[in-house]
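Just so it is clear, none of the values below were taken in a lab; they were calculated from the coordinates. Predicted, not measured: the structure shown is a model, and the values here were computed from it. Virtual Cβ from ideal backbone geometry, glycine too; neighbours counted across all protein chains shown.
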Amino acid sequence: MNLFFNFRQPAPSVSPIALLLICYPIGKLFAFVLPITTYRLPWYLGGSEFSFNPGPWNIKEHVLVFIMANVAITAPYAINAIVVTQVNYNVQVDYSFSVLLVLATQLTGFGLAGICRRFLVWPASMVWPQNLVICTLLNTLHAEDDDETGSMTRYKYFLIALSGAFFFYFIPGKSTSTFNLC
C-alpha cells in the first residue's frame, strides 16, 4: 500500500507499529484456528515433518513479523529513479532492468548495513531509542497474565482499547470526509 500511494501527496502510509499491533490478534487467531496436524514430506523431497501450527503465537514470531514489516514498509529509492526516467525523460526501461536496479540498490544497502554491524549493533551501549518502544510493546503484549480471578487479561484490555480507538478515529473521520464531498 505504501508503494502504491508513494507518488500521491500527501501520501497515506502504514507505520510498522500499526502492523505490529494489527498482527497480534491475527497471530493469536491463526494459532487457534490452524490445524495442529503434522505432515510428512515424501522421501524424494527430504522426508521431513512440518505443521502449519507449530504452537502458540509467541514473541519470537511477533519480532520476526515486525522485522519483515520494517524491511518491506518503505518503497525502494530506485522506484523513484525508474519513474522519473520514464515520465520526465521519455526513456522506456525494460522490466528486467527495473527489477535488477531495485534489487541491486536494496542489496547494496543491506550489504553496507552488514559491514557496519560491528559499529552499529554489537556495542552494548548502542541503544536506539525507537527500539525501546517496540521492546516495551512486545513485552507488554506477550507477558504472562496473572491468574487472578475477576481481573481482565491484557489481551482482552488490548482488544477493547483497540476497538474503542478504531471507532473513535474511524467514525468521525469517515463522517467528515462524507460531508466534505458536498
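I want to verify a result. In a Gaussian network model of the chain, Cα cutoff 10 Å, which of these has the top mean-square fluctuation: 27, 111, 46?
46
Would you work out which of 39, 108, 79 lies farthest towards the positive end of the dipole of the chain, given +1 charges on the beta-carbon of Lys and Arg and -1 on that of Asp and Glu, about the Cα centre?
79
Among 172, 54, 12, which one shows the biggest mean-square fluctuation in a GNM of the chain, springs joining Cα atoms closer than 10 Å?
Of 172, 54, 12, the Gaussian network model singles out 172 as fluctuating most.
Compute the FRET efficiency between residue 59 and residue 170 as 1/(1 + (r/R0)^6), taking r as their Cβ-Cβ distance and R0 = 25 Å, and round to the nearest 0.05. Each step should come with its number before you reach the end.
On the way: r = 29 Å, r/R0 = 1.15.
After rounding, the FRET efficiency stands at 0.30.
Under the rule that an exposed site lies in a DSSP loop and has at most 16 other Cβ atoms within 10 Å, name the longest stretch of the chain with no chymotrypsin sites (Phe, Trp or Tyr not before Pro) of that kind, not counting the sites themselves.
Numbers: sites that count: 4, 5, 7, 52, 89.
Answer - 90-182.
If you work out mean projected area of the Cα convex hull in nm² from the coordinates, which of (i) 19.0; (ii) 10.1; (iii) 12.3 do you get?
For mean projected area of the Cα convex hull in nm², the calculated option is (i).
Towards the positive end of the charge dipole of the chain, with charges on Cβ (+1 Lys, Arg; -1 Asp, Glu), say which of 14, 166, 27 has the farthest Cα.
Most positive-ward Cα: 14.
Quick one: if you stick a label point 7 Å off each Cα along the C-beta vector at residue 45 and residue 121, how many nm between them?
Once both label points are built, they end up 3.2 nm from each other.
Please identify, among 140, 37, 105, the residue showing maximal mean-square fluctuation in a Gaussian network model of the chain using a 10 angstrom Cα cutoff.
With Cα springs under 10 Å in the chain, the top fluctuation among 140, 37, 105 is at 37.
How large is the charge dipole for the chain, taken about the Cα centre, if only the Cβ atoms of Lys, Arg (+1) and Asp, Glu (-1) carry charge, to the nearest 20 debye?
Details: 9 positive and 8 negative charges, 83 e Å.
Dipole about the Cα centre, nearest 20: 400 debye.
Please work out the Cα center distance from region 1-71 to region 75-117, rounded to the nearest Å.
If you average the Cα positions of each part, the centres end up 26 Å apart.
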